[in-house]
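Below is one structure, written out as structure tokens, with a few remarks after it.
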Amino acid sequence: MPTTLTTDRPRATTLFRPAATELGHQERQVLSAIGCGLRDDEIAAELAVPEDTVAEHLARILVKLGLRDRAAAIVHAFDCGLVVPGRGPRTRSAGPAALTVTVRAPESAPKVRISLLGPVRAWRDGRLLDLGHLRQQAVLAALALGAGRSLSQQQLLDDVWGMEPPVTNVVPVYVYRLRKALHDEGGPHPVIERGLRGYQLVPGAVDVDVAHMRELVTGIGKAGRAGEPLEAVRLCAQALKLFHGEPLAGLPGPLAELERLRLTERRIAIVRRKVEWQLRLGQDAEAIDELFALTAAHPLNEPLAAMLMRALYRDGRQAEALTVFERARRRLADDLGVPPSRMLRRAHQMILRGDDESGLGLMPPAGAGTGL
């Protein structure tokens, strides 16, 4: 149910940290709108000012409050009381020009959380649940990956057992056990429901980390297209925090195999995009640390090796960049019996020639999408 929130309510001055009192009237309006997640163009429309004016206000806010970026401003807006979760922004009396922000009031939050970006786990109200053996967990994972779609018994058999189905139809048994494991004893409704076409998770009853990751990836794309690298890096970091090891770790079945590969590739793509924006922002050390960790986990991934070589070269570490190439070349020869790809050889040659970083093709164009 949409809730209209306005900034013209009086509030106790103790809600502000001392630094927030240094802001002017319109600066407080801008900061509260930023805390609510509005873009510069949306804030400009609400305040009836040019978008450049909003950007100037934000620049002054960051300087006055000693904040690093827009993400820090959002956190500060909550910390100092300008924005209250579920109740919107609060400022001193703002008069007729008060900023009105429309946000969606939180509905009853899902009580069950399911994590697939690592070993399959589930919690109810913060309590870890017993999901049974791996094959039963694989049935839950198939339902969670279904994103609200109804899956027939045959589909679940194909997804979880593939060409080696069980002797008896155990799907209803596993669903029954999962319902008991996920069900709130004090609640009237199960988390898994049976429809005309099969089983599905009840819409809105479960929070699945894969769905959250998809939302963040969409946000990364929007931030990239809007030319907001700091926001893109922040969203990438949030998405990567959702991973807790190999996705669907240890689960059997063709669906788990396929999704494990797909989700691992998605994680690599998010890291690569984060690193590209970090390098664009001059955060070379953070980017290189991330690439070293990822190439160690995926030593045969040539695009990652090439990106690490270019990042090291950009940071003035030519010898280390060449070492990365030699290590990748030996690993490809020993494990796969193949030479380095043209991309890896090209990066190697350009570093040997001492080409400048623009020739290495490392940085994405301004406003580039995520490519995820």
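So, with a 1.4 angstrom probe, what is the percent of accessible area on segment 160-271 that is carbon and sulfur?
Details: 3320 of 5980 Å².
Whole-percent figure for carbon plus sulfur exposure: 55.
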Check your understanding: Leaving out same-chain residues fewer than 8 places away, which aspartates and glutamates sit with a Cα under 12 Å from that of Lys64?
Key -> Glu22, Glu27
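Measure off, as a whole percent, the carbon and sulfur share of the 1.4 Å-probe accessible area of segment 272-332, all protein chains present.
Carbon-and-sulfur percentage of accessible area, whole number: 46.
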Review point. Can you work out the FRET efficiency for the pair Lys180 and Arg225, with r the C-beta to C-beta distance and R0 = 56 Å, to the nearest 0.05?
Key: 0.75
Point to revise | Förster radius 45 Å - calculated FRET efficiency between Ala55 and Val167 (Cβ-Cβ, nearest 0.05) | key: 0.10
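Using a Förster distance of 56 angstrom, determine the FRET efficiency expected from the C-beta separation of Thr218 and Leu322, and round it to 0.05. Walk me through the numbers on the way to the answer.
On the way: r = 38 Å, r/R0 = 0.69.
It comes to 0.90.
What number, in percent, do you get for the relative contact order of segment 303-349 if the mean sequence gap of Cα pairs under 8 Å and at least 6 apart is divided by its residue count?
Details: 35 pairs, mean separation 19.9, N = 47.
Relative contact order of segment 303-349: 42 percent.
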**Study point:** For segment 126-244: accessible area per residue (Å², 1.4 Å)
**Key:** 53
Check your understanding: Which of the lysines could a cross-linker span from Lys241 if the Cα-Cα distance has to be under 18 Å and same-chain partners fewer than 8 positions apart are dropped?
Key -> Lys274
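The values are calculated or read from the model by the stated rules, or taken from the named source; none is laboratory data. Everything numeric here is computed off the predicted structure, so don't read it as measured data. Cβ: placed from backbone, ideal geometry, glycine included. Neighbour counts: every protein chain shown. The area values use the complete protein model at the heavy-atom level, side chains included, leaving out ligands, DNA and RNA. Shrake-Rupley method; radii C 1.70, N 1.55, O 1.52, S 1.80 Å.
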